[in-house]
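Here the structure comes first, spelled out in structure tokens, and everything after it is commentary.
The values are calculated or read from the model by the stated rules, or taken from the named source; none is laboratory data. On a predicted model such as this, the values are computed, not experimentally measured, just so you know. Cβ: placed from backbone, ideal geometry, glycine included. Neighbour counts: every protein chain shown.
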Amino acid sequence: MLVFVFQSRKDTTITCYTARPDGANLPANLAPWRKLGAEDQQPGGHIAGVPHGADTVLAVIKAEGLLVTDIVPRVAIRTG
């Protein structure tokens, strides 16, 4: 799944992972949002700084549409 990563400009410690490239489902109370890029995530994969890796991110996106966390990515994210 292609996962898009956004950072809140209101609170830069907040990161959001979503399958929506436009970020239209991100929480309005944390807007504005800055798109950091995208990651192709597969079950069993690794996301830097996320304790349970891609499995957790993908499960929450599937159930809730997005994952909002205070974990800031520590590696380069594909921006193209």
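Being within 22 Å of K10 (Cβ to Cβ), touching a helix residue (DSSP H, G or I) at 6+ places or on another chain (Cβ under 8 Å), assigned to a strand (DSSP E or B) and modelled with pLDDT of 85 or more: is that true of L67 here?
When the stated conditions are applied, L67 passes them.
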Testing P43 on (1) more than 19 Å from P21 (Cβ to Cβ); (2) at pLDDT below 80, one condition comes back false. Which one is that? (2)
Looking only at segment 1-21, count every residue that is within 17 Å of E64 (Cβ to Cβ) and outside any strand (DSSP E or B) and tell me the total. 4
Quick check on my filter: what residues within segment 21-39 are of a type in the set (A, V, I, L, M, F, W, C) and either surrounded by 12 or more Cβ atoms within 10 Å (Cβ to Cβ) or touching an Asp or Glu at 6+ places or on another chain (Cβ under 9 Å) (or both)? L26, L30, A31, W33, L36, A38
So T18, is it touching a residue at least 24 places away in the same chain (Cβ under 8 Å) and loosely packed, with under 12 Cβ neighbours inside 10 Å: no
